[in-house]
1. Do you know which of the residues in segment 72-93 that are over 9 Å from the mean Cα position of the chain (by Cα) and β-branched (Val, Ile, Thr) is surrounded by the fewest Cβ atoms within 10 Å (Cβ to Cβ)?
2. Can you tell me how many residues within segment 16-41 are loosely packed, with under 13 Cβ neighbours inside 10 Å and touching an Asp or Glu at 6+ places or on another chain (Cβ under 9 Å)?
3. Restricting to helices (runs of 4 or more DSSP H) lying wholly in the chain: which have 3 or more residues that are modelled with pLDDT of 90 or more?
Amino acid sequence: MSSDRDPPAQEVRSRAYLRFALAGNYPVIHRFLDRQCGRWLRIRESVSDLAQSVYREALSSLSRFRGGETDTGALRGYLFEIAKHKIANRKHY
């Protein structure tokens, strides 16, 4: 029994897949940030906080993501681009 407010089954599957794909990429993004952040950045902000910021931005801007629903390579690239921008912004300030 579904109400008018329940999302279609395909959308529910897409959301579940997206959560799975995002979680699966977290260790890779965290390692990337750890390697790219110099000592100067680690003093000001932890790598875990920076990774969380990457994911917060990714989730809030998913409407701009141009990859397919199950395109994990595009999603990983999207996360890496956000991570690169986060590092560059932190270096600038």
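1. Taking segment 72-93 as the starting set, the residues that turn out to be over 9 Å from the mean Cα position of the chain (by Cα) are 72-74, 77, 81, 84-93.
Going one step further and asking which of them are β-branched (Val, Ile, Thr), we end up with 72, 87.
Values: 72: 15, 87: 18.
Per the stated criteria, the residue is 72.
2. Final tally of qualifying residues: 0.
3. Numbers: elements: 9-36, 39-44, 47-60, 72-92.
Result: 9-36, 47-60, 72-92.
For (1) without any contact (Cβ under 8 Å) to a residue 60 or more places away in the chain; (2) aliphatic (A, V, I, L, M); (3) out of contact with any helix residue (DSSP H, G or I) (no Cβ under 9 Å at 6 or more places or on another chain), each residue gets a yes or a no:
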| residue | (1), (2), (3) |
| --- | --- |
| 35 | yes, no, yes |
| 43 | yes, yes, yes |
| 54 | yes, yes, no |
| 58 | yes, yes, no |
| 63 | yes, no, yes |
| 66 | yes, no, no |
| 76 | yes, no, no |
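The values are calculated or read from the model by the stated rules, or taken from the named source; none is laboratory data. Everything numeric in this text was worked out from a predicted model, so none of it was measured. Glycine also receives a Cβ, built like all others from the backbone with ideal geometry; neighbour counts cover every protein chain displayed.
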